[in-house]
Amino acid sequence: MKTNSGVKSKREIAFIQRACNITDGIFKELIKNFRFKTEKDVAKFIRKKIKENKCRMAFRPIVASGKNASNPHHKPTDKKLTGFIIIDFGVKYKGYCSDMSRTIFVGTPTKEHLKLYKLVLEVQRDSIKKIRKGVKCDELHEYSIKSFGNHKKYFIHALGHGLGKKIHENPSIGKKKGHIFENNMVFTVEPGIYIKNRFGIRIEDTLLLNKTTKLLTKSRKDLLTF
Ligand SMILES: [Mn+2]
């Protein structure tokens, strides 16, 4: 087995599943105790919980509120939480990464907010359904863009990426050609919408392809409002 093929061993998959379970646990605690005021408050909580679980960060957590969420790589600030909040984090368990994004809402969402949240969720579900052994990764990316319909110009990054010891590994699920889904690949599917100076929405899970596609991160995806 080529180490950079994106195909993982049983042992590697078990470690990634554990990292994903810990990620789900941290998210559950986060929403149970949601009294945070700023992006940094949320990021600090996540970092504390990662340490308590004897893990490392897979990458610096992204917490992006309101306009800041229109930048997919935003760094947490002292900005007060308002509107859509993208929370993107992962842990490293025995050297193996998880990666998950959820978008929650602080305040009262409008009809447009609800409609767009639903759209991102549907694009994620429809894209996941298409994944089979032999499917070309760039064609899945293309399919997800089309699924955004009139909103496709707001989807500005790749649909997903493999992960393992590193947070970005093969396969690449974007414009790049030559990557094909195979059994025992672990990867993310993370469609999003980024409307400059307004808001952003991203929903991301870590998944395993093993005949069917299984979610390794299982946190709830209904729009939580606080
Ligand atoms: Mn990711």
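The values are calculated or read from the model by the stated rules, or taken from the named source; none is laboratory data. All values derive from a computational prediction rather than experimental measurement. A quick note on method: Cβ atoms are made from the backbone with ideal geometry, for glycine too, and the neighbour counts reach across all protein chains shown. We work out accessible area using only protein heavy atoms, side chains counted, and drop any ligands, DNA or RNA first. Shrake-Rupley method; radii C 1.70, N 1.55, O 1.52, S 1.80 Å.
Test PRO72 against the stated conditions and say whether it is outside any helix (DSSP H, G or I), surrounded by 15 or more Cβ atoms within 10 Å (Cβ to Cβ) and modelled with pLDDT under 95.
Numbers: outside any helix (DSSP H, G or I): yes; surrounded by 15 or more Cβ atoms within 10 Å (Cβ to Cβ): yes; modelled with pLDDT under 95: yes.
So PRO72 passes the test.
For segment 166-190, which residues satisfy the criterion of being open to solvent by 50 Å² or more (accessible area, probe 1.4 Å) and within 15 Å of the ligand (Cβ to nearest atom)?
Of everything in segment 166-190, those that are open to solvent by 50 Å² or more (accessible area, probe 1.4 Å) and within 15 Å of the ligand (Cβ to nearest atom) turn out to be LYS166, HIS168, ASN170.
When both residues are 6+ apart or on different chains and their Cβ atoms are under 9 Å apart, which pairs have a first residue that lies in segment 110-132 and is without any contact (Cβ under 8 Å) to a residue 24 or more places away in the chain and closer than 11 Å to TYR143 by Cβ, and a second that is hydroxyl-bearing (Ser, Thr, Tyr) and assigned to a helix (DSSP H, G or I)?
Close Cβ pairs satisfying both conditions: ASP126/TYR143; ASP126/SER144; ASP126/SER147; LYS130/TYR143; LYS130/SER144.
Give me a count of the residues in segment 133-150 that are closer than 29 Å to ARG60 by Cα and open to solvent by 40 Å² or more (accessible area, probe 1.4 Å).
1
Is it fair to say ILE86 is under 25 Å from GLY160 (Cβ atoms), assigned to a helix (DSSP H, G or I) and out of contact with any Leu (no Cβ under 7 Å at 6 or more places or on another chain)?
Against the criterion (under 25 Å from GLY160 (Cβ atoms), assigned to a helix (DSSP H, G or I) and out of contact with any Leu (no Cβ under 7 Å at 6 or more places or on another chain)), ILE86 does not qualify.
Go through segment 152-165 and give me each residue that's away from the ligand (no atom under 11 Å from the Cβ) and within 20 Å of HIS73 (Cα to Cα).
LYS152, LYS153, TYR154, PHE155, ILE156
Of the residues LYS130, LYS165, LYS176, which is within 20 Å of THR23 (Cα to Cα) and over 16 Å from the mean Cα position of the chain (by Cα)?
LYS165
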